[in-house]
Each structure stands twice: as structure tokens, then as C-alpha cells.
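A.B. asks: Just dropping this structure here.
The values are calculated or read from the model by the stated rules, or taken from the named source; none is laboratory data. As the structure is a computational prediction, the values presented were derived from the model and not from experiment. So basically every Cβ, Gly included, is an ideal-geometry build from the backbone, and we count neighbours across all protein chains shown. Areas reflect the complete protein model, heavy atoms only, side chains present, ligands, DNA and RNA absent. Shrake-Rupley method; radii C 1.70, N 1.55, O 1.52, S 1.80 Å.
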Amino acid sequence: MKQIAILGSTGSIGSQTLTVLQQFPTDFQVMGLAAGGNITVLARQIQIFKPQVVAVASSEKATALTALLKNHGVEHLPQILMGPEGLCQVATLPQVETVVIGLVGFIGLLPTLKALKSGKQVLTANKETFVTAGHLVKPYLRQIVPLDSEHSAIFQCLQGSQAPEKEVHKIYLTASGGPFRELPLEQLHHVTVEQALNHPNWSMGDKITIDSATMMNKGLEIIEAHHLFQLPLEKIEVVVHPQSIVHSAVAYVDGATIAQLGEPDMRVPIQYGLTYPKRCPTAFSELHLDLTTLGTLQFYPADETRFPCLRLARWAAETGGTLPVVLNAADELAVEAFLKGNIGFMEIPKRIEWVMKLHMPHWADQPTLETIIAVDTWTRQTFTEMSDLKAPSL
Ligand code: MG
């Protein structure tokens with residue numbers, strides 16, 4: 001039986017991982033769970049999966065969780081850890097072989113690095129790890145199975161290739177184009193939080209849904225693919241595919257293109273990651289794709305005028321070093337500000353670009369983990385100060 005830990009267990013990836021795991025009760029045992037603040041859902045997960053160790057964001061959350069579990073009559077309480085340290089402890093539990101990273105944002109970097117360094121197999125949906133520290137993850141690529149649907153697709157299409165660096169002509173990273181793919185440009189300035197959260201195909205967490213609407217998500221995924229598959233940026237092409245059925249494709253040098261198709265449902269890439277390199281039957285019959293009823297699949301080039309975030313991500317990717325760290329942190333804050341109603345939709349790329357330009361005189365290549373953390377902190381401070389000044393230049 002494989003021992004497993006899940007970081008971000010109450011989020012979209014984490015909770016779907018647990019749903020998939022319920023199909024394989026004799027193959028996996030959940031040893032550790034880590035969640036931020038959703039104590040109600042975490043308590044339910046603890047009752048079902050009985051992990052030995054859990055981690056929560058703070059001591060207040062730990063106290064609340066203990067009270068809730070006692071209230072529910074749970075006799076054997078798990079060990080309850082807290083804060084970023086607790087997250088790293090769950091990521092490195094000695095008995096655990098596989099760690100699932102369902103954390104969104106920069107917070108995923110440290111526990112991912114710790115899990116990799118302690119030899120764990122890491123199934124990750126945390127693109128920020130690759131965006132901010134691709135070069136630090138490079139020595140451990142063989143331990144990683146991607147869960148991000150596009151990267152899982154590419155990973156699957158690459159199975160059997162002996163030398164991807166020579167055999168791959170290009171990678172097609174598919175994007176749905178989000179809810180605003182066809183909205184007249186001038187109306188993009190006035191879109192509401194509600195409209196941006198209404199993704200046509202995928203149901204995901206708020207941060208990724210807004211990133212999909214701005215297409216920053218695809219930008220971050222370009223950088224993720226670049227590091228994960230060690231392919232040059234010019235071999236990674238974004239293609240808009242509104243139906244979200246083709247999850248990505250690999251075009252080989254001999255003219256053959258292999259694509260991975262499936263329902264837009266994260267349970268497929270999550271199960272593939274969990275059972276890799278095997279394939280096991282799914283209990284969810286709705287996940288079987290019926291090609292005879294699919295109808296038309298469309299593909300278009302991506303429009304960087306409509307989606308300036310895509311251009312910013314390309315700039316960060318090509319420049320490398322600390323610039324993607326700034327891109328990532330500024331985007332996290334810009335999305336947060338948009339979700340709170342503090343800035344408009346088209347201000348997201350403007351503010352990110354502003355901070356990126358401010359950073360350039362201090363740019364450094366091959367940053368250490370300490371530098372990455374310092375640049376992330378600088379970006380957050382600068383962004384916040386800029387918001388306090390109401391950013392008159394914008
Ligand atoms: Mg994705």
C-alpha cells in the first residue's frame with residue numbers, strides 16, 4: 001500500500017484527489033493532509049481518511065480544528081501541525097512515498113522543494129514552483145508527475161519518446177480562451193468579477209479561473225512546460241481550443257502529432273498521476289469520452305493584443321532569472337485586488353507590467369532560493385505600496 005500526503009487537501013485539486021483515491025482503498029493510504037483555513041471540510045476529510053498528521057495555517061485554526069473533531073466524536077485525533085513549517089513537515093513525512101501538491105501560489109514552492117529533496121515522488125499542480133524556481137527543480141524532474149491538465153497531456157504524449165529534445169518538433173499548449181475570447185476589446189475594461197469567474201468549461205479555484213480569463217494561466221503554463229520538459233520556448237505554442245477536449249499535443253519531427261483528449265475534468269490527469277505508469281479503470285463512467293457525439297473541435301492562434309498577460313509571461317520566460325518571480329507575485333496580488341473589486345480587469349496586466357519594469361534594474365540570473373523569496377517579498381511590498389498611491393500613472 002502506497003502512503004500518500006496531500007497538500008492543499010480542501011482545494012479543488014486536493015479534494016478531487018481524495019475523490020479519486022476513494023476508488024483505490026487497498027492501494028493507497030492517506031498519511032498526511034494539509035489545508036489552509038477550511039476547517040469544516042478538513043474535519044470531514046479527517047473522519048473519512050484518518051490521516052496520522054495534518055497541518056493548518058495557524059494556531060487559531062489548529063485550536064478550532066481540535067474542537068471541531070472532538071465535537072464530532074473523533075476519538076483518535078491526528079497530530080496537528082501549523083504554519084509553513086507544518087506544511088513542509090507533512091511534505092517530508094518519513095513514511096510517505098508520494099506527495100500531492102494541490103497548493104495554489106508561491107506558498108507551494110518550499111514544501112515542493114523539500115519533498116523532492118527528501119526523495120518523494122511529487123504529483124504537482126503547482127505551476128508557481130516551475131515559474132519561480134524552474135532551475136532549482138531541474139535535478140529532480142524524474143520524481144515529478146504533472147497534474148496540470150495540459151502538462152499531464154504532454155507528459156502522456158511524450159511516453160515512449162527516447163529523446164524528446166531531439167524528437168519533439170513543437171508542443172501545442174491548448175487554451176480554452178476563457179469567457180472573454182470573443183468579447184469586443186473595449187468591453188474588456190468593464191467586465192465584472194462574476195463574469196470573469198464564469199469559466200465556460202472548467203470548474204477550478206478562483207485564482208486560476210481569473211488567470212484563465214486574462215490568459216495569464218496559459219502564460220504561466222508556458223514557463224511550466226519549458227522547465228518541466230526542458231524544451232526551448234520557441235518550441236512551445238499556445239493554441240486556442242474553445243471546447244477544451246484536446247488537452248495539449250506533441251508534434252514530433254517526423255510529422256506525427258500526438259494529442260491527448262478527454263472530458264475537461266481534473267479527475268483524469270489526477271488518476272493518471274496516481275497510478276502512473278499504469279492505467280487503471282475509472283469508476284466514473286462520465287469520464288469516458290464519446291468521439292461519436294463530440295462534433296466540431298476548433299483551433300485558433302492566440303491573440304496577444306486581447307490578452308497582454310500572455311505577452312508579459314513570454315517576456316518573463318525569455319528573460320528568465322528573477323523576472324518570472326515578479327510576474328508571478330504581481331499576478332497573485334493583481335488577481336486578489338480584482339477579486340476584491342479594487343481594480344478593473346484590464347488593470348491586472350498594467351499593474352503587473354509596471355512592477356516588472358521597476359524590477360528590471362535589479363534583475364539577477366539563476367537566483368538562489370533566498371533571492372527568490374526576497375524578490376517575491378519585494379514584489380508584494382512594491383505592489384501594495386503602488387496600490388496605496390492609487391497608481392496615478394495608470
Ligand atoms: Mg492547466
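A.B. asks: Below 8 Å between Cα atoms, with a sequence gap of 6+, how large is the relative contact order for the range 279-394 in percent?
C.D. replies: 27
A.B. asks: Quote the relative contact order of the range 188-335 in percent (integer), defining contacts as alpha-carbon pairs under 8 Å separated by 6+ residues.
C.D. replies: 27
A.B. asks: Between Val56, Val41, Val122, where does the largest GNM mean-square fluctuation fall for the chain, given springs only between Cα atoms within less than 10 Å?
C.D. replies: Val41
A.B. asks: While we're here: How much accessible surface area, in Å² rounded to 10, belongs to the heavy atoms of Met266 with a 1.4 Å probe?
C.D. replies: Approximately 20 Å² of Met266 is accessible to the 1.4 Å probe.
A.B. asks: Report the per residue volume, in Å³, of the convex hull enclosing the C-alpha atoms of the range 245-366.
C.D. replies: 215
A.B. asks: Let me ask something else. With a 1.4 Å probe and every protein chain kept in, tell me what percent of the accessible surface of the chain is carbon plus sulfur.
C.D. replies: 53
A.B. asks: Over the chain, what relative contact order in percent results from Cα pairs under 8 Å that are six or more residues apart?
C.D. replies: 14
A.B. asks: Same structure, new question: Could you work out [θ]222 nm for the chain from helices alone, using -39500 (n - 2.57) per DSSP H run of at least four and dividing by all its residues? Round to the nearest 500 deg cm²/dmol.
C.D. replies: Value at 222 nm, helices only: -13000 deg cm²/dmol.
A.B. asks: Can you tell me the accessible area per residue over the chain, all protein chains present, probe 1.4 angstrom, in square angstrom?
C.D. replies: Heavy-atom accessible area per residue stands at 44 Å².
A.B. asks: Where in the range 125-225 are there GluC sites (Glu not before Pro) that are in a DSSP coil and have at most 12 other Cβ atoms within 10 angstrom of their Cβ?
C.D. replies: Answer in residue order: Glu182.
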